[in-house]
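**Q** Have a look at this one before I ask anything.
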Amino acid sequence: MHPLDPGAPVIRGDRPSLQARALGIALRCTVKPVVEAWATAPDLPWPYALADQAGRLTRLSQEILFEEVALPHCRAQWITGGEDNGRVILYLHGGAFIVGGWHLHRHMLSELGRRTGARIFAVEYRKAPKHSIDDSGDDALAAYRHLLAEGVSPADIVVMGDSAGGYLSIQLAARLPGERLPAPAAVVALSPLLELDRDEPGTAGCAILSPRAIRSLSRWSRAATTRPQPMHSVRPTLPPILLQVGAGETLRRQVVAFAGLLGEQGVPHALQLYPTDIHVFHAALFLPEARAAFDAIVEFVDEVVGACSVPAAAHA
């Protein structure tokens, strides 16, 4: 099937792999109780920075290089290694606008760069509770401006993010016309959060996020943004969008509804559902579902990057 077929959602597989089932059980016994405890008392002084440090336990190839870049209000990091085909992925990590960063995501980002041949520009945007979602969005915009100022063609840029980073990715793409900036080649959103005001039952079986956790995050985050949310920002000017989500995830309903809005507005897009209930299952690279999702991302990026041509003066 064509990677931009806007028809019915593509279901990649009919049942979870044994690896996904085992990981789901492990997550329900470890991560999900912590998330539930946070949802019960989000205003406690939780040690948010510790979550990112877990990424230091992953082993990376010595060929992977990291270079830090200073942006106006935050840092970013180039992740390079292997083939460089001129493409750039501006990556906005997930973590409920609160946790996450370079270390927690570096294994997945290194694999993403290796598979796509792109350089990864990972943004360590400002996070709650010290900063608002609007601050996070401003940092995403500053990162995009930085790439353009460095001479990267927008036709070679893919904006990508997972969970809350998916929210910021789509919000950034929707914001660019008002900033008189050219659109990137595409957006890829992995298990994205798309609306903070959506109060629905969701899927209770998700291995990480319960409906209560989503509702708690929504209540906690609404005051932190004044800008339109992705669900309310669908316009024909959006670039091609790939949406991937687990069929058993709590956020599935949001993602399916968002894909419907994209179709109504004529935005080229593809929605792919994977037979797992693990939120951002892509991070578990040993899962067959994650490998299949990466294959689809590579196919999508190959299809859209370089397909549009933007005059050099468009972002001068």
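The values are calculated or read from the model by the stated rules, or taken from the named source; none is laboratory data. Every value quoted in this text rests on a predicted model; they were computed, and no experiment measured them. Cβ coordinates were reconstructed from backbone atoms using ideal geometry, including for glycine residues, and neighbour counts include every protein chain displayed. Side chains are part of the model used for accessible areas, which takes the heavy atoms of the whole protein and leaves out ligands, DNA and RNA. Shrake-Rupley method; radii C 1.70, N 1.55, O 1.52, S 1.80 Å.
**Q** What is the dipole size for the range 93-185, taken about its Cα centre, with +1 at each Lys and Arg Cβ and -1 at each Asp and Glu Cβ, in debye to the nearest 20? Before the final figure, lay out each step's value.
**A** Numbers: 10 positive and 10 negative charges, 31 e Å.
Charge dipole, the range 93-185, about its Cα centre: 140 debye, nearest 20.
**Q** Over what distance in Å are the Cα centres of the range 109-170 and the range 68-89 separated?
**A** 9 Å
**Q** Find out how many positive minus negative residues lie around E67, taking Lys and Arg as positive, Asp and Glu as negative, among other residues whose Cβ is under 12 Å from that of E67.
**A** +1
**Q** Of all accessible surface on the range 113-180 at a 1.4 Å probe, what whole percent is carbon and sulfur?
**A** Carbon-and-sulfur percentage of accessible area, whole number: 42.
**Q** Also: How far apart, in nm, are two points set 7 Å out from the Cα along the Cα-to-Cβ line at I25 and at D134?
**A** In this crude spin-label approximation the distance works out to 4.8 nm.
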